[in-house]
Amino acid sequence: MRSAILVGLAAALVAGAAAAQPFAFVPNEKSGTVSIIDTTKDAVVGEIKAGEKPRGIAVSPDGKTLYVSDQPARALLVIDVAKKAVVEKIQLGESPEGVGISADGKWVVAAVEESNTVAFIDTATNKVVVNLKVAGKNPEHAVFSPDLKWLYVSAEEGDVVDVIDARNRKQVTSVKTGQRPRGIGFLPDSSRAYVAAEEAHMVYSIDTAKQVVLKSIKAGQRANGIAVRPDGKRVFVSNGADGTVSAIDTANDTVIATIPVGRRPWNMAITPDGKKLYVANGRSNSISVIDTETNQKITDITVGELPWGVVIR
């Protein structure tokens, strides 16, 4: 009996450890699917049907729920990861794009391009609480600061980042950037934000206390996605036209490495331990995996057609 109990406990521990491993989720625009990648094996282990054109994606802190924007449906899809199925659709308006989630998991936001709004969704009810009009035109990404104080929204056609008081759901200012701002990332202490501007080929380091640009950093051609390492020492930017990712040292905001990846790298995500970066290559139908210490590509993983980005939980 005692040996049977020990065997049972060992099996439970192994199962628990396996469940704790992070998975990456990749929305594939043209395939209408979300690929599931086991980050320990760097292999696709599953797929979820996700509307007609999934783009923006966020995952709940417990990893149980995905929130995916589906442009043709004008909706936010709520996906149960265990069931691998859409369980609810939340109407948003024409052309929803980037999706973000607060660190506490209480709020999901979606940038809605045609109405120049950001929808705030209460995850307890899956209801839109407010559609906040932003000053900039054509919002692309909406990202919460880790301290939940700010929501930054990149306005593609406004050449600004709109700054929202996240708690009061009110815009307080805008920060001027270069042409076509896209990806956004914050340092872990929320002191700085990094914004990629696609047509300026630059990354802007922003002081979040003063809401001013501290430094303009030259990136590659058509800088797009941003990912920040959990220790805050590195920021990565994807360069769509170059097929590369640049690594920025945040101690002095300079580019220290450029890593070749696939064609048209877009949005990205880093594992919770900070060791690996996953890059969606839209025109290669693949995910490139990068070692964030050595700044070398480890492998490429084939996914669906036209991958838009990655989230990891």
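Results, tabulated for the structure shown:
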| quantity | calculated |
| --- | --- |
| Enumeration of residues in the range 188-203 that are open to solvent by 10 Å² or more (accessible area, probe 1.4 Å) and farther than 19 Å from PRO265 by Cα | PRO188, ASP189, SER191, ARG192 |
| Unmet criterion (only one of (1) farther than 19 Å from LYS133 by Cα; (2) hydroxyl-bearing (Ser, Thr, Tyr); (3) free of Cβ contacts under 8 Å to residues at least 40 places away in the same chain) for SER174 | (1) |
| Selection count, the range 167-186, where residues are outside any strand (DSSP E or B) and buried (at least 21 other Cβ atoms within 10 Å of the Cβ) | 2 |
| Identity of the residue in the range 174-225, under 21 Å from the mean Cα position of the chain (by Cα) and of a type in the set (Lys, Arg), that ends up nearest to VAL143 (Cα to Cα) | ARG182 |
| Some residue of the range 124-142 being farther than 19 Å from LEU92 by Cβ, open to solvent by less than 40 Å² (accessible area, probe 1.4 Å) and in contact with a Lys or Arg (Cβ under 7 Å, 6 or more places away or on another chain) | no |
| Complete set of residues in the range 275-301 that are surrounded by fewer than 23 Cβ atoms within 10 Å (Cβ to Cβ) and under 15 Å from the mean Cα position of the chain (by Cα) | LYS276 |
| Hey, LEU92 at pLDDT 95 or above and open to solvent by less than 10 Å² (accessible area, probe 1.4 Å) or not | no |
| Residue that is farthest from SER246 (Cα to Cα), among those in the range 204-217 that are open to solvent by 20 Å² or more (accessible area, probe 1.4 Å) and of a type in the set (A, V, I, L, M, F, W, C) | ALA209 |
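This table checks each residue for (1) open to solvent by less than 40 Å² (accessible area, probe 1.4 Å); (2) of a type in the set (D, E, K, R); (3) closer than 20 Å to VAL112 by Cα.
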residue	(1), (2), (3)
GLN21	no, no, no
ASN28	yes, no, yes
ILE36	yes, no, no
LYS41	no, yes, no
ALA50	yes, no, yes
GLY56	yes, no, yes
LYS64	no, yes, no
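The values are calculated or read from the model by the stated rules, or taken from the named source; none is laboratory data. Note that the structure is a prediction, hence the values are computed from the model and not measured. Positions of Cβ are generated from backbone atoms using ideal geometry, with glycine treated the same way; all protein chains shown enter the neighbour counts. The accessibility values were calculated without ligands, DNA or RNA, using every heavy atom of the protein model including side chains. Shrake-Rupley method; radii C 1.70, N 1.55, O 1.52, S 1.80 Å.
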